[in-house]
Amino acid sequence: MFKTLPDAGGATVIVVINGAPFSAPLGCTAAAALLLAGAVPSRTTPVSGAPRAPYCMMGACFECLAEIDGAPNQQACLVPVVEGMRINRQSGSVATKI
Amino acid sequence: MSAAFDYVIVGAGPAGLAAATTGSSLGLKTAVIDEQAEPGGQIYRAIETVSARRPAHLQLLGDDYAVGADVVKRFRASGADYLPLTTVWQIDGGRNVFTRGNGRASRIAAKRILIATGAMERPVPVPGWTLPGVMTCGAAQTLLKSTGAVPAGRFVVAGSGPLLLLIAAQLVRAGVKPAVVIETRTNRLAALRHLPAFLSAPGYLSKGLNLIAELRTAGVPIHSGASNLRINGDDGAREIEYDWHGHTRREAADVVLLHQGIVPNMNLALSLRCDHQWDAAQRSFRPQLDAWGNSSVDGVQIAGDNGGIIGAQAAELSGGLAALAAAFSLQKISADDRDRQARPLRAKMKRHLGARPFLDALYRAPQVVAAPGEPDTIVCRCEEIRAGEIRRIVTEQGCPGPNQMKSFTRCGMGPCQGRLCGLTVVELIAESRGISPGEVGYYRIRSPVKPITLGEIAGLGV
Amino acid sequence: MPRFDSLVIGGGLVGSAVAYGLARRGLKVALLDEGDVAYRASRGNFGLVWVQSKGIGVPEYQRWTRQSSTLWDDFAIELKNETGVDVAHEHRGGVHICISEEDFAARRRQMEQLHLESGETRFEYEMLDHAQLKKLMPEIGPEVAGASYTPYDGAANPLYLLRSLHSAFLKRGGQYFPNSRVGALKAAPHDFTVTAGGAKFNAPKLVLAAGLGNKTLGALVGLNVPVEPVKGQIFVTERVKPILSMLTIWVRQMAEGGLLIGESREEVGFNDATTPDVQQFLAARAIKMFPFLRDVRIVRHWGALRVMAPDGLPIYEQSGHFPGAFVATCHSGVTLAAAHALRYAKFVADGALPPELARFSNKRFDVQNAA
């Protein structure tokens with residue numbers, strides 16, 4: 001869905017998106033990584049299971065909610081990627097563990 | 001875990017940064033708290049990274065972006081504390097600022113608070129706007145600035161407003177062309193009477209004309225006067241449909257960038273019960289402020305676009321004014337000093353604000369965007385409540401306002417707390433009841449303005 | 001000036017239930033409500049149809065509550081059939097969680113007292129120790145001593161209930177007037193004229209169901225209604241997959257997945273502000289009860305004002321000086337909704353409150369009785 005420009009340069013890190021490794025630019029957000037990897041829809045809604053993906057990229061819309069390193073409902077556009085970060089699609093509402 | 005400052009500033013955009021620089025220089029112990037990783041807010045997003053790692057992009061993004069480097073430099077040199085990747089989720093009645101960063105919640109005591117959380121894109125509720133691939137023009141700009149990323153496939157830019165042409169041009173300079181720029185109807189006639197003031201404001205007209213020329217030269221079609229936007233697709237956007245010159249057109253695209261101006265990001269100020277009023281010209285609510293940015297709540301100021309859309313240059317100046325007022329109120333400078341230093345700021349602001357009435361009038365959101373006619377259009381994205389249901393609850397059940405609407409439908413009860421549905425709900429109720437949005441009122445916004453876990457709250461220790 | 005058979009002041013859980021009950025009996029009813037920004041105790045309601053804590057020492061209240069709970073089953077179906085709105089009523093018993101051993105011992109005494117006072121109605125309960133409670137609720141925290149259980153408790157969605165009552169009221173020919181705060185009230189026996197929202201309304205019956213507003217309005221019809229605000233602060237969390245296995249106090253999972261967490265009891269006047277100290281207290285208590293909540297996010301924290309009589313009981317009365325004027329106030333608007341719609345409305349329509357409601361008369365507040 002999105003791609004980095006050839007002159008974007010810079011280091012990359014390997015993140016794991018829905019179980020698959022992906023090389024993301026260092027410093028990009030988890031939401032940007034999802035868009036660069038084409039991992040959309042990045043979540044389905046709790047109300048109807050509708051497909052969604054990041055919309056505003058600035059922390060207002062809450063569409064980019066994803067599970068990051070095991071924590072659900074993270075606003076992925078506010079989380080910079082680090083090496084080994086696990087970013088997973090969220091389906092419906094959050095599952096809790098007793 | 002607990003800290004104390006004279007001046008706590010929420011938001012590291014031009015207003016917040018300028019306020020911090022000025023406040024610090026006047027002897028205020030100052031902290032700037034911001035959700036992003038670098039200073040700059042939205043307009044100057046990632047300016048330090050771009051300057052260091054992608055300097056060629058400074059030209060691509062344009063002068064209005066590049067000037068941000070100095071604002072940020074001055075802030076870095078100011079000695080103010082800076083808390084990036086930190087969210088403010090609550091401010092209580094005692095001016096304690098509750099934050100969350102590094103997975104931990106904290107409490108910061110403040111003598112004075114400046115809310116400079118800026119603006120966000122006005123929601124553009126058209127059929128299909130919730131599909132993956134549909135994003136704001138601002139989102140595309142953010143991706144370009146912070147990651148050097150552009151749409152990979154076919155994309156269009158649709159809507160109305162200064163940002164529309166700017167992002168289209170920036171992407172062209174970056175090497176990707178929108179299939180079409182779809183410009184919905186602007187209000188040229190209504191804007192005309194503000195033209196003289198606009199022409200005397202620094203450089204705004206030439207900027208606009210240059211962008212149009214640039215896009216034309218690049219061969220990007222600009223379809224003006226379009227209407228009836230609709231985005232089709234199943235798991236994601238597939239095409240945009242629109243009416244133009246009497247025909248219905250369809251343009252294949254998997255990314256659709258929407259824009260219809262920007263509006264104040266109100267929730268933090270509203271959660272503090274700062275008084276707001278309806279601004280018909282900007283078609284949004286704005287806080288009630290005095291000439292220094294003091295709000296109706298003692299010790300709380302608002303500056304920048306958060307106080308009503310004024311643009312980046314004026315935002316910087318308003319931050320400086322707020323800091324002068326804060327310093328005076330904490331007896332760091334005299335009233336005379338404060339007024340003397342304010343004078344040049346006010347003079348500059350006046351010139352920049354001269355452009356606003358024209359831009360506000362020209363790009364005023366049309367009724368169909370403010371209050372979507374198609375009943376199936378999703379209004380509340382979080383709870384998936386549609387325009388038809390909202391209208392029906394007003395006309396059939398006599399629901400008078402957005403808070404009762406919330407009770408009846410759950411509209412506005414999702415995680416975004418009304419950020420993306422609030423204005424639309426107000427306009428729908430206003431239209432259905434035949435009154436002004438100002439008379440309808442807005443959601444009662446509560447803390448936390450960003451979600452926080454029970455464990456983080458319990459771990460705070462009062 | 002439009003004439004009605006009855007005016008009802010207050011469109012919250014009590015007013016809309018009584019208004020629906022009257023319309024249901026064929027009366028022509030005007031329901032007058034305030035605007036969009038009003039205190040609205042309904043917003044603080046957890047939605048429990050709770051029986052086991054009511055009327056300790058006041059068997060009439062336990063009976064009235066139990067009756068409402070029994071009527072609720074058919075009431076929910078009736079509302080669904082009338083309006084299509086499912087108010088998510090469940091009736092599967094509930095547990096009152098006791099965190100400490102002292103709480104547990106005190107609760108056992110209270111339950112025993114209810115049992116002894118219940119007479120023919122027969123109040124049965126079970127005390128569950130930690131191990132027994134854990135079998136029913138695996139998610140319970142290790143520090144919780146136990147709970148009392150009764151089969152009579154249930155729950156509904158208070159917002160859907162409100163919406164359904166309003167809809168049912170309209171379908172039965174009721175007329176709803178929002179933005180109609182009472183400006184003036186002229187009272188005579190069986191003849192009431194109300195000026196509200198720029199219009200005048202007249203009827204031989206008047207029901208005051210305006211919550212905290214009943215105090216001022218009551219005085220206009222010779223009724224002493226000594227209600228005071230008691231603030232309750234509540235959280236609601238993000239939507240979570242179903243986890244809470246029993247209905248209980250202080251933590252409740254709604255059908256859409258969000259959890260309600262409450263509640264404080266603060267006597268601070270007309271002040272519904274949220275405060276960090278109570279925020280802390282509620283979070284800590286919730287985590288003690290259910291440790292899984294530690295990682296769950298709250299998305300909203302608000303305060304609502306309960307309508308509280310000095311003894312916590314409802315007030316039901318007809319004015320002596322101005323017969324035809326009735327008052328109904330309580331702090332359990334969901335629990336008593338069925339009784340209000342199906343029984344209290346009948347009493348109002350018939351023009352007299354029965355002896356079983358005498359315990360709730362406002363005469364209990366008269367100065368002579370206080371001696």
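For chain B, what relative contact order do you get, as a whole percent, if you take Cα pairs closer than 8 Å and at least 6 residues apart?
RCO, chain B: 18 percent.
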Name the lysines eligible as straight-distance cross-link partners of A:Lys97: C-alpha to C-alpha under 21 Å, and not fewer than 8 places from it in the same chain. C:Lys134, C:Lys135, C:Lys241, C:Lys288
Could you give the nm distance between label points at B:Ala197 and B:Arg249, where each point is 7 Å from its Cα heading toward the beta carbon? 3.4
Distance between modelled label sites at C:Asp191 and C:His321, nm, 7 Å Cα→Cβ extension: 1.7
Taking square-rooted eigenvalues a ≥ b ≥ c of the alpha carbon gyration tensor, is the stretch C:49-132 rounded, prolate or oblate, where a/c under 1.5 means rounded and, failing that, a/b exceeding b/c means prolate? oblate
Label B:Lys111 and B:Gln367 with points 7 Å out from Cα along Cα→Cβ: what is the distance between them in nm? 5.3
Please list log₁₀ I(q)/I(0) at q = 0.12, 0.24 Å⁻¹ for the stretch C:300-371, using the Debye equation with identical point scatterers on the alpha-carbon positions. -0.38, -1.20
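What does the structure give for B:274-287 when I average, per residue, the other chain Cβ atoms found within 10 Å of the residue Cβ? Intermediate results must be reported in sequence, preceding the final value.
Values: counts 0, 0, 0, 0, 0, 0, 0, 0, 0, 0, 0, 0, 0, 0.
Partner-chain Cβ atoms within 10 Å, mean over residues of B:274-287: 0.
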To the nearest whole number, what is the average tally of beta carbon atoms from other chains within 10 Å of the beta carbons of peptide A:39-49? 4
Rounded to whole Å, √(5λ) for the Cα gyration tensor eigenvalues of the stretch C:1-92, largest first, gives 26, 17, 15
Mean projected area (nm²) of the alpha-carbon convex hull when the protein assembly as shown is viewed from all directions: 39.7
Normalised by the empirical 2.2 N^0.38 Å for globular proteins, what value does the Cα Rg of the stretch B:335-462 take? 1.46
On a 0 to 90° scale, report how tilted helix B:162-174 is relative to the longest principal axis of chain B, with both axes built from alpha carbons and the result rounded to the nearest 10. 80
So, R0 is 22 Å and r is the distance between the beta-carbons of B:Ser206 and B:Arg346; what FRET efficiency does that work out to, to 0.05? 0.30
If eta is 0.692 mPa s and T is 37 °C, what Stokes-Einstein diffusion coefficient results for the stretch C:116-250, Kirkwood Rh from Cα pairs, in µm²/s? 162
Kirkwood Rh in Å, taken over all unlike Cα pairs in chain A: 13.5
Sorted peptide list for A:77-84, C:350-357, criterion being average Cβ within 10 angstrom, highest first: A:77-84, C:350-357
Taking the dipole about the Cα centre of the protein assembly as shown, with the C-beta of Lys and Arg at +1 and of Asp and Glu at -1, give me whichever of B:Ile378, B:Val172, B:Pro402 is farthest to the positive side. B:Val172
Which of the peptides B:28-37, B:306-315, C:276-285 is most tightly packed, and how do the rest follow, judged by the mean count of other Cβ atoms within 10 Å per residue? B:306-315, B:28-37, C:276-285
Two-decimal Rg/Rh across chain B, once Rg and the Kirkwood Rh are taken from alpha-carbon atoms: 0.96
Taking N as the number of residues in the stretch B:76-172, the ratio of its alpha carbon radius of gyration to 2.2 N^0.38 Å works out to 1.48
Normalise the Debye intensity by I(0) for the stretch C:180-250, one equal point scatterer per Cα, no solvent, then take log10 at q = 0.28 Å⁻¹ and round to two decimals. -1.36
Mean projection area, nm², convex hull over Cα of the stretch B:301-353: 3.3
Taking the square root of 5 times each eigenvalue of the Cα gyration tensor, what semi-axes in Å does the equivalent ellipsoid of chain C have, largest first? 35, 22, 20
Determine the distance separating the Cα centre of the stretch C:10-44 from the Cα centre of the stretch B:389-411; give it in Å without decimals. 16
Is the stretch B:180-290 best put as rounded, prolate or oblate by its Cα gyration tensor, with a ≥ b ≥ c the root eigenvalues, rounded for a/c under 1.5, and otherwise prolate when a/b is larger than b/c, oblate when not? oblate
Note the per residue figure in Å³ for the convex hull of the C-alpha positions in the stretch C:283-335. 147
Given the -39500 (n - 2.57) contribution per DSSP H run of 4+ residues, what per-residue ellipticity at 222 nm results for the protein assembly as shown, rounded to the nearest 500 deg cm²/dmol? -9000 deg cm²/dmol
Eigenvalues of the alpha-carbon gyration tensor of the stretch B:1-151, times 5 and square-rooted, give semi-axes in Å, largest first, of 29, 21, 13
What whole-number distance in Å separates the alpha-carbon centres of the stretch A:51-89 and the stretch C:182-199? 56
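My understanding is that a pair violates if its Cα-Cα distance is over 32 Å; which of B:Lys450/C:Lys80; B:Lys111/B:Lys348; A:Lys3/B:Lys29 do that in this structure?
Check vs 32 Å cut-off fails for B:Lys450/C:Lys80; A:Lys3/B:Lys29.
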Zone of B:Val67 (label point 7 Å along Cα→Cβ, backbone N under 13 Å): which residues in the stretch B:355-393? B:355
Treating only the Cβ atoms of Lys and Arg (+1) and Asp and Glu (-1) as charged, compute the dipole magnitude of chain B about its Cα centre; round to the nearest 20 debye. 740
For peptide B:149-161, how many partner chain Cβ atoms fall within 10 Å of a residue's Cβ, on average? 3
Options C:Thr65, C:Gly35, C:Leu79, ranked by Cα towards positive dipole end of the stretch C:23-90, top entry (Cβ charges): C:Thr65
Compute the FRET efficiency between B:Asp337 and B:Leu58 as 1/(1 + (r/R0)^6), taking r as their Cβ-Cβ distance and R0 = 41 Å, and round to the nearest 0.05. 0.70
Hey, any idea what the orientation-averaged projected area of the convex hull of the stretch C:223-367's Cα atoms comes to, in nm²? 10.9
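If you take the beta carbon distance between B:Asp298 and A:Asn18 as r and set R0 to 45 Å, what does 1/(1 + (r/R0)^6) give as a FRET efficiency, to the nearest 0.05? If you can, show how the numbers build up before the last one.
Working: r = 50 Å, r/R0 = 1.10.
For B:Asp298 and A:Asn18, the calculated efficiency is 0.35.
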Full-extension gain in nm, C:Asp86 to C:Val37, via 0.36 nm per residue minus C-alpha separation: 15.0 nm
Size of the dipole of the stretch B:290-440 about the Cα centre, Lys and Arg at +1 and Asp and Glu at -1 on the beta carbon, nothing else charged, in debye to 20? 460
Hey, how many Å between the Cα centroid of the stretch B:28-97 and the Cα centroid of the stretch C:322-371? 62
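Every number in this text was worked out from the coordinates using simple rules, so none of it is lab data. Bear in mind the structure is a predicted one, so any value in this text is a computation, not a measurement. Every residue, glycine among them, receives a Cβ derived from its backbone with ideal geometry; neighbour counts consider all protein chains shown.
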